[in-house]
1. Just checking, how many residues over region 188-213 are under 18 Å from His67 (Cβ atoms), free of Cβ contacts under 8 Å to residues at least 60 places away in the same chain and in contact with a strand residue (DSSP E or B) (Cβ under 7 Å, 6 or more places away or on another chain)?
2. What residue, among those in region 148-170 that are touching a Gly at 6+ places or on another chain (Cβ under 8 Å) and surrounded by fewer than 24 Cβ atoms within 10 Å (Cβ to Cβ), is nearest to Leu224 (Cα to Cα)?
3. Within region 133-140, is even one residue among the aliphatic types (A, V, I, L, M), open to solvent by less than 20 Å² (accessible area, probe 1.4 Å) and not in a loop (DSSP other than H, G, I, E, B)?
4. Scan region 4-30 residue by residue and report those that are open to solvent by less than 10 Å² (accessible area, probe 1.4 Å), part of a loop (DSSP other than H, G, I, E, B) and within 21 Å of Val172 (Cβ to Cβ).
5. Give me the pairs, please: first residue somewhere in region 250-269 and closer than 16 Å to Val6 by Cβ, second residue anywhere and of a type in the set (D, E, K, R), beta-carbon distance under 6 Å, and either six or more positions apart or on two chains.
Amino acid sequence: MQLTVVVENQTSSQQLLAEWGYSAWLQTDEAVVLLDTGGIQHTLQHNLAVLGLNAKRITDLVLSHGHFDHTSGVMDVLRLSPAARVWAAPSIARERLGDADAGRASGGGALLSGLSFTPIDPYVQVAPGVTAFTVPQTERDSRWVCSHHMFERNEQGEIVPDTFDDDVSLLVQTDKGASVLLGCAHAGLPNILGYASRTFGIDCFDTVIGGTHLCGVRDGDYPLWMQELSGYRVKHWRPCHCTSFKAAARLAETFDDVDWAAAGTVHLL
């Protein structure tokens, strides 16, 4: 399978546009799966055209979570590929809020409340060799979940720290092994790798690619995180988006094969 990063904070070509957001095109023999749709600058269509990727070929759209930097292009995708199946966690439309005072709308709400989708709870096969999964709250270690300045409005209308119930990742299994495609890893990167290992019987990952949300880790906590991540066998680390430069540098210090997965990069899985 071939993964092309379409939208990301950085680009590999001056013909592409960069924005704070994420979208990746996964091409299999049977399907074209788009993971997320980019952010509020709507660079998705431009970058698809530059990369020679025809949106009409998208068979499946998977939303990793409800934040605007991953869902703002949903209507663009459905307009260009109206037959595409949409997959998301049941709580994708829950209103998300940001900043210290929870004063900034950051996702969910009206944009996604009327969206028709197939639920991912806790996992489902999207296409042959491609499984979308969440990490149940009972399977999460709170040490690896970063919710600083991120909130949600619960069913009682109260603003509470975000539970990230809607966080979804993709497990891709090919002859090269199992790879994990991340949106933002809000469920916690070690939690995601641990759940995938236990649930799907994986003892080695070929590639881990996407947003890791290590940008939310305090500098003094990096050694603990790197120690925990070292417990998982990963051949290729391809972080991007919400990882941060400092965290990527720490990953590169700790692991042998680390590179940034900028927009326009192609990865064979």
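The values are calculated or read from the model by the stated rules, or taken from the named source; none is laboratory data. Since we're looking at a predicted model, the values are computed, not measured. Ideal geometry is used to build each Cβ from the backbone, glycine not excepted, and the neighbour counts take in all protein chains shown. Surface areas here come from the heavy atoms of the whole protein model, side chains and all, with no ligands, DNA or RNA. Shrake-Rupley method; radii C 1.70, N 1.55, O 1.52, S 1.80 Å.
1. 2
2. Per the criteria, the residue is His148.
3. no
4. Glu8, Tyr22
5. Ala261/Arg238; Ala262/Glu8; Ala263/Glu8
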